[in-house]
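Novice: Handing you this structure, nothing more for now.
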Amino acid sequence: SGSAQSPTKDAGTLVVYSAGPEGLAKKIQAGFEAKTGIKVEMFQGTTGKILSRMEAEKSNPVVDVVVLASLPSMQALAKEDMTLAYPEAANHDKLVKDWSDTDGKYFSYSASALGIVYNTKQVTTPPTSWADLAKPEWKDKVNIPDPSLSGSALDFITGYLSAEGDKGWSLFEQYKQNGVAIAGANQEALDPVITGAKSAVAAGVDYMAYKAKADGEPVDIVYPKEGTVISPRPAAIIKTSQHADQAKQFIDYLLSDEAQQMVTSAYLLPGRTDITADNRANLSDIPTYPVKWDWMGEHSEETTTKFTNLYK
Amino acid sequence: MKTKTNPTLFSYQKISTAAAFLLLAVLILFPLLMIFRTAIEQNGVIDLMAPLRLLGQSDLTSVMFSTLWLGCCVIIATTVLALPLAWMMAKTAIGRQRWLDVVFLIPFMTPPYIGSMGWMLFMQKNGYMEQILPASAKITPAFFSFGGMVMIMSLHLFPFLYLILRNTLEQIGGSTEEAASVHGASFGYRFRRIILPLLLSSYAMGALLIFVKTIAEFGTPATFGRKIGFYVMTSEIHKYISSWPIDFGKATSLASLLLTACLLMWYIQSILSSRYSYRLTGGKGVRSKKYSLRGWSGLICWLYIGILLITSIGIPYFSVITASLLRLRGTGLAVGNFTLQHYSDLLSWGSESMEALVNSFTLSLVASTIAVLIGTFLALKVGQGKRLSQKWIDLFSLMPNTVPGIVIVVGLILFWNSPWMPIPLYNSYGMVVLTYIILFLPYTLQYVKANNGQIDPILLQAGAISGGRPLYVFRRILLPLLIPGMIAGWTMTFTIANRELVASLLILPPSMQTSATYIFAQFEQGAVSMGMAMAVVSVGITTILLLILQTLPAYRKQQLS
Amino acid sequence: MTALTIQGISKSFDGVQALQATDLVIASGKFTTLLGPSGCGKTTLLRMIAGLETPDQGELRIANDILYSSTQRKNVPPHRRGFGMVFQEFALWPHLTVFENVAFSLRASGQKKDIQARVLTALEQVRLQGMEQRYPHQLSGGQQQRVAFARAIVMQPRLILFDEPLSALDAILRDEMRTELMNLVQQLGVTALYVTHDQTEAMAMSDEIIVMQSGSILQRGTPEQIYRQPSHPFVARFIGHSNWIDQGHQMVRPEHIRWHSNHSPDEHIHTGMIQQVSYMGDRYEIQLDMGEERLWTAYQDERMTVGEQVTIYISAHHVHTLNPVPV
Amino acid sequence: MTALTIQGISKSFDGVQALQATDLVIASGKFTTLLGPSGCGKTTLLRMIAGLETPDQGELRIANDILYSSTQRKNVPPHRRGFGMVFQEFALWPHLTVFENVAFSLRASGQKKDIQARVLTALEQVRLQGMEQRYPHQLSGGQQQRVAFARAIVMQPRLILFDEPLSALDAILRDEMRTELMNLVQQLGVTALYVTHDQTEAMAMSDEIIVMQSGSILQRGTPEQIYRQPSHPFVARFIGHSNWIDQGHQMVRPEHIRWHSNHSPDEHIHTGMIQQVSYMGDRYEIQLDMGEERLWTAYQDERMTVGEQVTIYISAHHVHTLNPVPV
Ligand SMILES: Nc1ncnc2c1ncn2[C@@H]1O[C@H](COP(=O)(O)OP(=O)(O)OP(=O)(O)O)[C@@H](O)[C@H]1O
Ligand SMILES: Nc1ncnc2c1ncn2[C@@H]1O[C@H](COP(=O)(O)OP(=O)(O)OP(=O)(O)O)[C@@H](O)[C@H]1O
Ligand SMILES: [Mg+2]
Ligand SMILES: [Mg+2]
């Protein structure tokens, strides 16, 4: 569909802005189109690009449904009353409570867990705790994704701080002392680990690691025993949508068994509690911190600034 | 050509000038004004000092200075790379090797972030360099520094300066230099007292463009810069534009500071140019002095060119091609780890990647063609640039070159997606074409303008005397004589449009990809090999196209003139 | 009949008067030359006739057609005047073949039929058969000049304008081309208006010479009249060597200076000193210092010694006294 | 003493022999001219003397200094030869003032003292006082030429080379500049080697003329020798008008053709038809068709009628028979 004509003016077409992973988004689009016969125009990008595009289009919005990779951003949209409530969504009740809005202003249809991804050729004894990475044997060998570019990394940092309180900063200060490098978004942080330039990523997203591992790359992931943060990936209908009906059908489809299976085959955690994945660790297998999402949303900006200044 | 001769011609002049201003206003001026408004307006309150206040507020001052410092260093480094090359190509027999011109365009054709990736893959710990030469592990870390960044950016940008310098050197007739040598000046003295001063005005122009391109560049700072912790204005602008919370006000404030810096440079440049520009071509043809390259000097020249080719193309493309061929990137350079699978996936008919490739080529084809047409129209309007209206047209059409691409794109979205905009261009194929046209208009304009300046008006007068109506003279004489400039402009536009990333990322309609965004998406998704394969295919096709184009007679004529 | 009439035409550029108000009739079927030093307004006048420049005022007519009239606010554009023009720089179109250069005016005016035949005839007249398919840069200077000429005559224009067409050529080629051009114009019998600042050229080619200086016309007449009876000191000085007996009033031409007396009673006798001797091949050109800052030129068949004191003789009827006549 | 000796110097470009092996001595203190048609290798020879082109073989010496020797593998670069040169296109440096253009060679060779005085002297010699601070583009063609000349003489070089320095000027300026240039060279007493393809220029200026054709030297001698006793048909044809009695063997110059018999017994008598008459001011140039495709030129004081049959007379001692002499 290279010669896409202005989708806004095309009555039946649903416009979706979706964050990755790309393969999954494509599959969901195809599945939805096949099932409902509604045509979807999909813009793919990182959470940041999507938000930026929405901001540029603010005076004349085009988008109907957004799918983000970061919960706090979505919470902010909901707070600004930009999303349409759809409490009647099918399977709404089966979603993980903490991650979705009870009024149906957004739905976390999937999630990724953060862990330590390491290169199996270079690491013989994998770390078991976050603090391990501050040890001398890891000096200059660890990447951490940039929280200003990676929503999941931000979720981890704010989540960790929300659980540990202000003393949580000492971990990141030790990391800094030990030569941990800020390195772009998730994939950019992971890539040097695959090629062996670095040995591990702290707060790496698990689905990427699972996928690389399945491809045969020398990587694996561990979830530190003291717990980690899960980063949910929410979807929502935008209030200005001219196609609310079709948008609701899209949400219903996201939460359907079919789409949830697609989620698991992309190595992501399913958003529904009643679906399990057989190619990765399930939610129940992952030790998690008790995080405060509200606090995290409120402190994300300040945390990002503090964190990036620390690492500059 | 005199306006008063013919009443219809007269009104044509007026109408076309108005049309040119309207075109520039809609294409360039209004979108830029939208940006400025966003920069100084916060919640309906106009605050002219907002950009400066922002600069004082945070540690942005140091970022601004390191950006400018980077710009200056890249100017110096590109000069060191381009000047000797330009001299060799203009003044020695090596210049007959025309294919080198296309080859030296390759760094420029390569998306900057691909070039940086290539270098990083090569130099990083356990990178290709260490895999080939384990002993090099001691020196490679030194590469990840400010110096390395300057080097990567210079190796990407130097072809631009090279082309400008070579043209001028070729125009500096041999006899000026020979006169100096007969009158007792040794090579060094000649170079210092004669060649350098005559080169100054075009050098100023080239240096300006390099400076602007450096401080507006995003690809290298986003990859290499981030890795070494070097932050520049574009990365800050990007931060405000693409991470939560989105703040266009701050982004555009920073952009307007960049724009101010660029305009300042432009002003200095235009003073230098007008002060130090000389008519170099006399009535008789120029006979360029060619130095013979026997013995050592020839060896040194070819060595220099060889090293330049290796560093600007060899190393990055070694990495890019290797990465595109690796089965498992974690295994590295090892027998049995090579595969053509990525290419066959990439080029399989009907695949997403093919679609992106076709999109890229059709988009750049359409955009560069329209850009050339508009550029030609504007170049003819600018003419000799003597009248005030002509000067304004010239300045406005150059503006897209002085503003970071991302800023223009935001302006374009703000403008074309306004609720009051009656033309539903936004979010369509047309919008992408329009964006490319605006971004690359300055290139076509420059080339056609230069060409037009070489056409003696007497040729058109001869046409009128011979009974040709103005339109007929335009069609039969002016247009054919402009073709070489138009082709050169088209080539340049096509090449850069084909690899454009920053604008495409934001402006492409949903469900549409170009080869550049495809590559970027592959990197984001972890399919680095696919992305690299796409880069190789895309640059390869462009290079072949240019080589074919170079054999065309019209292009050759342009090279002669 | 098809004479070109110029009435009160004048032109100034940015306050500089390039041409004073001028009246002139260019005779039909004749070869008329505008002669004058650089910057005297020759090109300006020619370009106004061609329509490339708009006069400030006056009227231009050919036969009874008005080409330009400031009072009637009429101005025929160049492409409708139907003149031919040969430019100093030739102004050939580099992207067109010789054939297409010449055929241009036929195509431009829509005279599609017989193009082939008419172009070939024109090229034959300038002896360029067989070069139709070449491009201008593949021709020598002289050949380019002939193409420019063929291009000007192919439409059989009422008037051909020449703006120093020979000055870009080197001396030898210029001599050759001059003869050729004269022959061609004679054969075709067209009206020619020729601009030059080369007096030899003007004298050898013209039926009539119009001498200009600083934007106005000083004298017009046949070459002989201009050379023998200049009506203005400037004309006398500009054309040929003038030896002033009485500065600005009485002069004699060098070929009338004799080295021996013919013993006639009214013979003028002068003495001077030889200052410089230049060999010209067929004769020596002798520069004589005649005192009172007068420098005379004379011819001699053999070399003379610089510094020698000599006596020279002039017949009274060769002494020309200037009495300015109106143009 | 400071004569320039050229021994067996030859040069070819891409297989084209631009100059055959040539032996030549340029006399010191004299004005020597290389004369020949376009492409005959004059510039090539001059540039090899200047050091701007490397000969294929041979030896170049000035006085006892070897400038170039293929056997000794010696090649003094141009900036160490200490010559002056005036280029055809002047080649002034557009970014330097007149003063700096002239001072260039002094500064380049490190002769820092007296620069001011020496430059001003040179400018005075070419009468350009007061123009020191102008840039080349602010000068007329003639003034630019004089700057180029001042630049060449300021170092008081052993040899000044001129490559057609006048050919870019218009006819009138060329005449003026020629006289000036001659005077300057005479006053300074330097050795001058002058390249031109203009025979009038060569004859008027030179002490000695070397005529070249297709890369080799045909004849050398004083202007009178070259004009009166050409040893080669090409030389006869190239310099002045030649009227061939017997093609390539016997000829007579136009000024020796008489219209009346002097009744001497060995007088040659010919008849021909007047083909063209050009007015030259001081005389008419008459083109005569002598049959057998021979076209002669003669001079006459009054206008003659084209088509008329005429008888002409030539004294036997004016008939020149060519017997080639070695150079
Ligand atoms: N377009 C113009 N703008 C300003 N001044 C001009 C222009 N054209 C001519 N002039 C001036 O008008 C005067 C006459 O110029 P013109 O070209 O007619 O001289 P010319 O007799 O043809 O001289 P030449 O023999 O050098 O060609 C000169 O002083 C010239 O500088
Ligand atoms: N750099 C060069 N490369 C190739 N051929 C050359 C070069 N320079 C001169 N020639 C050739 O050598 C021959 C002699 O050239 P040269 O310039 O010496 O002639 P010239 O006598 O100075 O002619 P002109 O009077 O036209 O200046 C010509 O055939 C010319 O084409
Ligand atoms: Mg003129
Ligand atoms: Mg020459």
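The values are calculated or read from the model by the stated rules, or taken from the named source; none is laboratory data. Source: prediction; values computed, not measured. Cβ sites come from the backbone with ideal geometry, for glycine too, and all protein chains shown count toward neighbours.
Novice: With respect to A:S110, determine if the residue is of a type outside the set (A, V, I, L, M, F, W, C), in contact (Cβ under 8 Å) with a residue 60 or more places away in the chain, under 24 Å from A:N186 (Cβ atoms) and touching a helix residue (DSSP H, G or I) at 6+ places or on another chain (Cβ under 6 Å).
Specialist: Yes: the conditions hold for A:S110.
Novice: Look through the range D:271-286, keep the residues that are more than 8 Å from chain C (Cβ to nearest Cβ) and within 29 Å of C:R258 (Cβ to Cβ), and return whichever of them is farthest from the chain's Cα centre (by Cα). Can you show your working first?
Specialist: First, the residues of the range D:271-286 that are more than 8 Å from chain C (Cβ to nearest Cβ): D:271-275, D:277, D:284, D:286.
Retained after the next criterion (residues that are within 29 Å of C:R258 (Cβ to Cβ)): D:274, D:277, D:284, D:286.
On the way: D:I274: 33, D:V277: 29, D:Y284: 27, D:I286: 27 Å.
The residue in question is D:I274.
Novice: Looking at the range D:149-164, which of the residues that are within 16 Å of ligand 2 (Cβ to nearest atom) and more than 10 Å from chain C (Cβ to nearest Cβ) is nearest to C:Q88 (Cα to Cα)?
Specialist: The extreme case among them is D:D163.
Novice: Now, a different point. Checking D:N64 against (1) modelled with pLDDT of 90 or more; (2) surrounded by fewer than 15 Cβ atoms within 10 Å (Cβ to Cβ); (3) within 16 Å of D:R158 (Cβ to Cβ), which test does it fail?
Specialist: (1)
Novice: Pairs needed: first member in the range D:251-265, within 22 Å of D:R294 (Cα to Cα) and in contact (Cβ under 8 Å) with a residue 24 or more places away in the chain; second member anywhere, in a loop (DSSP other than H, G, I, E, B) and among the β-branched types (V, I, T); C-beta distance under 7 Å; at least 6 residues apart or different chains.
Specialist: These pairs meet every condition: D:V252/D:V319.
Novice: If you scan the range B:96-130, which residues turn out to be over 24 Å from B:F146 (Cα atoms) and over 16 Å from the mean Cα position of the chain (by Cα)?
Specialist: Within the range B:96-130, B:R96, B:Q97, B:R98, B:W99, B:L100 qualify.
Novice: Hey, can you tell me all the residues within the range A:3-29 that are at pLDDT 50 or above, over 20 Å from A:L51 (Cβ atoms) and not in a helix (DSSP H, G or I)?
Specialist: Across the range A:3-29, the qualifying residues are A:D10, A:A11, A:G12, A:T13.
Novice: So, in the range C:305-327, exactly how many residues are surrounded by fewer than 16 Cβ atoms within 10 Å (Cβ to Cβ) and assigned to a loop (DSSP other than H, G, I, E, B)?
Specialist: Qualifying residue count for the region: 9.
Novice: OK, next. Is at least one residue of the range A:125-148 within 14 Å of another protein chain (Cβ to nearest Cβ) and at pLDDT below 85?
Specialist: Taking every residue of the range A:125-148 in turn, at least one turns out to be within 14 Å of another protein chain (Cβ to nearest Cβ) and at pLDDT below 85.
Novice: Next question, about the same structure. Given the criterion within 16 Å of ligand 3 (Cβ to nearest atom), within 12 Å of another protein chain (Cβ to nearest Cβ) and polar (S, T, N, Q), identify the matching residue among D:S140, D:S167.
Specialist: D:S140
Yes/no per residue for (1) buried (at least 22 other Cβ atoms within 10 Å of the Cβ); (2) under 25 Å from the mean Cα position of the chain (by Cα); (3) away from chain D (no Cβ under 12 Å):
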{"residue": "C:V190", "(1), (2), (3)": "no, yes, yes"}
{"residue": "C:Y194", "(1), (2), (3)": "yes, yes, yes"}
{"residue": "C:M203", "(1), (2), (3)": "yes, yes, no"}
{"residue": "C:V211", "(1), (2), (3)": "yes, yes, yes"}
{"residue": "C:A236", "(1), (2), (3)": "yes, yes, no"}
{"residue": "C:H249", "(1), (2), (3)": "no, no, yes"}
{"residue": "C:P254", "(1), (2), (3)": "no, yes, no"}
{"residue": "C:W259", "(1), (2), (3)": "no, no, yes"}
{"residue": "C:I269", "(1), (2), (3)": "no, no, yes"}
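Novice: Here is a follow-up. Just the residues that are away from ligand 1 (no atom under 16 Å from the Cβ), in a loop (DSSP other than H, G, I, E, B) and either more than 9 Å from chain B (Cβ to nearest Cβ) or in contact with an Asp or Glu (Cβ under 7 Å, 6 or more places away or on another chain) (or both), please, taken from the range C:87-103. Even if it seems obvious, please write down each step before you answer.
Specialist: From the range C:87-103, those away from ligand 1 (no atom under 16 Å from the Cβ) are C:92-103; that's our starting set.
Cutting the leftovers down to in a loop (DSSP other than H, G, I, E, B) gives us C:92-97.
Correct list: C:T97 only.
Novice: Something else: Quickly run through the range C:159-191 and pick out the residues that are modelled with pLDDT under 80, farther than 14 Å from C:R146 by Cβ and of a type in the set (D, E, K, R).
Specialist: Those that are modelled with pLDDT under 80, farther than 14 Å from C:R146 by Cβ and of a type in the set (D, E, K, R): C:D170, C:D175.
Novice: Could you say which residue among D:L24, D:L19, D:L35 is within 14 Å of chain C (Cβ to nearest Cβ), away from ligand 1 (no atom under 16 Å from the Cβ) and touching a helix residue (DSSP H, G or I) at 6+ places or on another chain (Cβ under 9 Å)?
Specialist: Criteria check complete, one pass: D:L35.
Novice: Taking the stated definitions as given, is C:T71 surrounded by 19 or more Cβ atoms within 10 Å (Cβ to Cβ), more than 16 Å from ligand 2 (Cβ to nearest atom), more than 14 Å from every other protein chain (Cβ to nearest Cβ) and not small (G, A, S)?
Specialist: no
Novice: I've got another one for you. For the range D:158-182, what are the residues that are in contact with a His (Cβ under 9 Å, 6 or more places away or on another chain) and assigned to a loop (DSSP other than H, G, I, E, B)?
Specialist: Residues satisfying the conditions are D:E164, D:S167, D:D170.
Novice: If I filter the range D:171-188 down to residues being touching a helix residue (DSSP H, G or I) at 6+ places or on another chain (Cβ under 9 Å) and within 16 Å of ligand 1 (Cβ to nearest atom), which single residue comes out as farthest from the other protein chains (Cβ to nearest Cβ)? Before the answer, list the steps.
Specialist: Here is the first cut: in the range D:171-188, the ones touching a helix residue (DSSP H, G or I) at 6+ places or on another chain (Cβ under 9 Å) are D:171-174, D:176-182, D:184-185, D:187-188.
Narrowing further to those that are within 16 Å of ligand 1 (Cβ to nearest atom): D:171-174, D:176.
Values: D:A171: 5, D:I172: 7, D:L173: 9, D:R174: 9, D:E176: 12 Å.
Checked the range D:171-188; the qualifying residue farthest from the other protein chains (Cβ to nearest Cβ) is D:E176.
Novice: Right, next: Working carefully through the options D:A117, D:A122, D:A108, find the one that is closer than 13 Å to D:A148 by Cα and either out of contact with any strand residue (DSSP E or B) (no Cβ under 8 Å at 6 or more places or on another chain) or not aliphatic (A, V, I, L, M) (or both).
Specialist: D:A122
Novice: Then there's this: Please list, ordered by residue number, the strands (runs of 3 or more DSSP E) wholly in the range C:1-51 having 3 or more residues that are touching a residue at least 60 places away in the same chain (Cβ under 8 Å).
Specialist: Ranges flagged: C:16-26, C:31-35.
Novice: Which residues, counting only those in the range D:181-207, are within 24 Å of D:F238 (Cβ to Cβ) and polar (S, T, N, Q)?
Specialist: D:T196, D:Q199, D:T200, D:S206
Novice: Let me ask you something else. When the range C:237-281 is examined, which residues are found to be on the phi > 0 side of the Ramachandran plot and in contact with a Gly (Cβ under 9 Å, 6 or more places away or on another chain)?
Specialist: Selection gives C:G240, C:G281.
Novice: Further question on the same structure: I'd like to check which helices (runs of 4 or more DSSP H) are fully inside the range B:92-211 and have at least 2 residues that are in contact with a Gly (Cβ under 7 Å, 6 or more places away or on another chain) and over 30 Å from D:P77 (Cβ atoms).
Specialist: Passing ranges, in order: B:112-123, B:146-171.
Novice: In the range C:213-224, how many residues are within 14 Å of chain D (Cβ to nearest Cβ) and assigned to a strand (DSSP E or B)?
Specialist: 2
Novice: Condition test on A:S170, is it in a helix (DSSP H, G or I) and modelled with pLDDT under 90? Reasoning before the result, please.
Specialist: Details: in a helix (DSSP H, G or I): yes; modelled with pLDDT under 90: no.
The answer is no for A:S170.
Novice: Can I ask one more? Return yes or no: is C:T54 within 14 Å of chain B (Cβ to nearest Cβ), in contact with a Ser or Thr (Cβ under 9 Å, 6 or more places away or on another chain), among the β-branched types (V, I, T) and more than 20 Å from C:I226 (Cα to Cα)?
Specialist: So C:T54 passes the test.
Novice: Another question, then. Report yes if D:S28 is more than 16 Å from ligand 4 (Cβ to nearest atom), farther than 20 Å from D:T196 by Cα and of a type in the set (S, T, Y), otherwise no. Spell out the reasoning first.
Specialist: Details: more than 16 Å from ligand 4 (Cβ to nearest atom): yes; farther than 20 Å from D:T196 by Cα: no; of a type in the set (S, T, Y): yes.
So D:S28 does not fit the description; no.
Novice: From C:V185, C:V119, which residue is β-branched (V, I, T), more than 16 Å from ligand 3 (Cβ to nearest atom), under 26 Å from C:K42 (Cα atoms) and not in a loop (DSSP other than H, G, I, E, B)?
Specialist: Answer to the selection: C:V185.
Novice: So which residues in the range D:300-314 are within 14 Å of chain C (Cβ to nearest Cβ) and in contact with an Asp or Glu (Cβ under 6 Å, 6 or more places away or on another chain), if there are any at all?
Specialist: Answer for the range D:300-314, where residues must be within 14 Å of chain C (Cβ to nearest Cβ) and in contact with an Asp or Glu (Cβ under 6 Å, 6 or more places away or on another chain): there is none.
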